[in-house]
Amino acid sequence: MADLAARPRRLRRTPGLRDLVREHALRPGQLIHPLFILAEDGLVREIGSLAGHAQRSVDRLDDEAATIESLGLRTVLLFGLPARKDASGSAAWDPAGPVPRAIDRLRRASPGLTIIADVCLCEYTTHGHCGIPSSRGAVDNDATLELLARAAVAYADAGADVVAPSAMMDGQVGAIRGALDAAGHGDVAILSYSAKYASAYYGPFREAAGSAPATGDRRGYQMDPANAREALREAALDVREGADMLMVKPAGGYLDVLRQMRDAFDMPIAAYQVSGEFAMIRAAAERGWLDERAAALESLTGIRRAGADLIITYFAKAAAGWLRDA
C-alpha cells in the first residue's frame with residue numbers, strides 16, 4: 001500500500017476541490033466575438049454554415065453589441081463585406097466603408113467594447129486574394145503593404161483600438177506600424193496573425209465573409225501546415241516590426257505551435273478557433289454525437305491550457321452564457 005500514499009484523486013473528489021486546484025480558468029473576458037459587417041442598411045443575413053451568426057449592417061449593430069456586453073464579453077473582431085469590389089480592394093480603406101462605419105457606431109453605442117479591425121484585402125478584391133496580383137499572377141507582397149497600411153490607418157481614424165493584419169505578407173506589421181505612427185495613431189495596438197496556416201478549416205468563414213479566392217489558393221503566402229519552427233520565425237519578425245500581440249490560426253490543430261510560441265515570447269498570444277472547428281462541433285451536436293456545451297468548453301479550455309491568453313471563437317456568446325450559468 002505504500003505505493004498508494006500519493007493519491008491524486010483526493011483533489012478530484014468534489015466540485016469544490018476540483019475548482020480549488022484548477023490550473024487554467026476560462027473567462028468571458030478572454031473571448032473575442034467576430035462580427036461580419038454589411039455595407040448596405042437594414043439587413044441581418046443568417047450565415048448557413050455558422051449557426052447563430054449573421055452578416056449585419058451597421059444600423060443593426062446596437063442590439064448585438066448590447067447582447068455581447070450583457071454576457072460579459074468585452075472584445076469584437078470586425079470583418080467587412082463591401083458593396084463593391086475591385087482588383088486592389090480599395091473599399092478596404094474607404095472611410096465610408098462597412099468597417100469604419102461600424103467602428104464609429106460601436107464606439108458611440110458601446111463605448112466599453114474593445115474593437116479589433118481585421119486588416120486584409122480578400123473580402124474586398126474581385127479575385128479574393130489577400131493582396132494585389134503581380135504581372136506574373138502571384139500576389140505582389142511589397143505592393144500590397146501600402147494598401148494594408150492604408151486600411152489600418154482608416155480603421156484607426158474611425159476609432160479602432162487594435163488592428164489585426166491577417167494577409168500574411170512579409171513586412172506587413174512594420175508597414176502598418178510605420179503608417180499608424182505617422183498618422184498620429186501611436187497608441188493603436190497591432191495583433192498580428194503571425195502564424196496563419198493554409199488550412200482546410202476556413203470554409204464557413206469564406207461563406208460568411210465572401211472571401212473565397214476566384215482562382216488558385218493561398219498556399220504561396222499562408223503557412224504550410226507541416227511547419228512549426230517557421231511559425232516562431234514569423235512571430236519573431238513580427239515582434240521586431242512592432243507587433244503588440246501574436247496569433248496562431250487555426251487553434252485546435254496547432255496547439256503544439258501555440259505552446260511553442262507561448263514558451264518563446266513573453267507577450268500576449270491569441271488563438272483563433274476558426275469557423276471549421278466551430279462548425280464540426282455544432283454539426284456533431286446537432287446529430288446527437290456530442291454534448292455541444294461540454295465539447296465547446298473543453299476545446300476552449302484546451303486552447304487556454306496550450307498557452308492562449310485570448311481566444312477568437314464563434315462560440316464566444318454561447319460560452320460566455322455557459323460560464324455565467326455554471
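The values are calculated or read from the model by the stated rules, or taken from the named source; none is laboratory data. This one's a predicted model, so the numbers in the text were calculated from it and none came from an experiment. For neighbour counting, all protein chains shown are included, and Cβ atoms are generated from backbone atoms with ideal geometry for every residue, glycine included.
Things to note:
- Subset tally (residues that are under 20 Å from Ala102 (Cα atoms), outside any loop (DSSP other than H, G, I, E, B), under 17 Å from the mean Cα position of the chain (by Cα) and hydrophobic (A, V, I, L, M, F, W, C)) for the range 159-188: 3
- Test result for Met280, at pLDDT 95 or above and either aromatic (Phe, Trp, Tyr) or assigned to a helix (DSSP H, G or I) (or both): yes
- Sole residue being in a loop (DSSP other than H, G, I, E, B) and either under 16 Å from the mean Cα position of the chain (by Cα) or among the acidic types (Asp, Glu) (or both), chosen from Ala243, Ala271: Ala243
- First in the range 214-239 and surrounded by 17 or more Cβ atoms within 10 Å (Cβ to Cβ), second anywhere and small (Gly, Ala, Ser) and in a loop (DSSP other than H, G, I, E, B), Cβ under 7 Å, 6 or more apart: Arg218/Ala198; Gln222/Ala198; Met223/Ala198
- The condition (being assigned to a helix (DSSP H, G or I), in contact with a strand residue (DSSP E or B) (Cβ under 7 Å, 6 or more places away or on another chain) and modelled with pLDDT of 95 or more) is satisfied by just one residue among Ala231, Ala294: Ala231.
- The range 49-77 residues that are within 21 Å of Glu292 (Cβ to Cβ), paired with ones that are surrounded by fewer than 20 Cβ atoms within 10 Å (Cβ to Cβ) and among the hydrophobic types (A, V, I, L, M, F, W, C) (beta carbon under 7 Å, 6 or more apart): Ser49/Ala279; Leu50/Ala279; His53/Ile47; Ala54/Val44; Ala54/Ile47
- Taken over the range 109-141, residues that are more than 17 Å from the chain's Cα centre (by Cα), in a loop (DSSP other than H, G, I, E, B) and crowded, with 24+ Cβ neighbours inside 10 Å amount to 3.
- Taken together, the residues in the range 109-136 that are out of contact with any helix residue (DSSP H, G or I) (no Cβ under 7 Å at 6 or more places or on another chain) and modelled with pLDDT of 95 or more amount to 5.
Quick grid of which residues meet (1) assigned to a strand (DSSP E or B); (2) in contact with a Pro (Cβ under 9 Å, 6 or more places away or on another chain); (3) modelled with pLDDT of 95 or more; (4) surrounded by 14 or more Cβ atoms within 10 Å (Cβ to Cβ):
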| residue | (1), (2), (3), (4) |
| --- | --- |
| Glu23 | no, no, no, no |
| Ile37 | yes, yes, yes, yes |
| Leu50 | no, yes, no, yes |
| Ser88 | no, no, no, yes |
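- Filter pass, Tyr314 being under 20 Å from Phe79 (Cα atoms), crowded, with 21+ Cβ neighbours inside 10 Å and touching a His at 6+ places or on another chain (Cβ under 8 Å): yes
- Residues located in the range 180-198, provided they are touching a residue at least 24 places away in the same chain (Cβ under 8 Å), more than 14 Å from Ala117 (Cβ to Cβ) and hydrophobic (A, V, I, L, M, F, W, C): Ala183, Ala195, Ala198
- Filtered residues of the range 184-207 (kept if under 15 Å from Lys249 (Cβ atoms) and either in contact with a Ser or Thr (Cβ under 7 Å, 6 or more places away or on another chain) or not aliphatic (A, V, I, L, M) (or both)): Ser192, Tyr193, Ser194, Lys196, Tyr197, Ser199, Tyr201, Tyr202, Gly203, Pro204, Phe205, Arg206
- For the range 267-291, the set of residues classified as touching a strand residue (DSSP E or B) at 6+ places or on another chain (Cβ under 6 Å), of a type outside the set (Phe, Trp, Tyr) and buried (at least 19 other Cβ atoms within 10 Å of the Cβ) consists of Ile269, Ala270, Ala271, Gln273, listed by residue number.
- Check on Gly72, surrounded by fewer than 18 Cβ atoms within 10 Å (Cβ to Cβ), over 17 Å from the mean Cα position of the chain (by Cα) and closer than 25 Å to Asp161 by Cβ: yes
- Some residue of the range 142-153 being part of a helix (DSSP H, G or I), within 24 Å of Gln30 (Cα to Cα) and not β-branched (Val, Ile, Thr): yes
- Candidates are the residues of the range 25-35 that are part of a loop (DSSP other than H, G, I, E, B) and either of a type in the set (A, V, I, L, M, F, W, C) or modelled with pLDDT under 95 (or both); the one that is nearest to Tyr124 (Cα to Cα) is Leu26.
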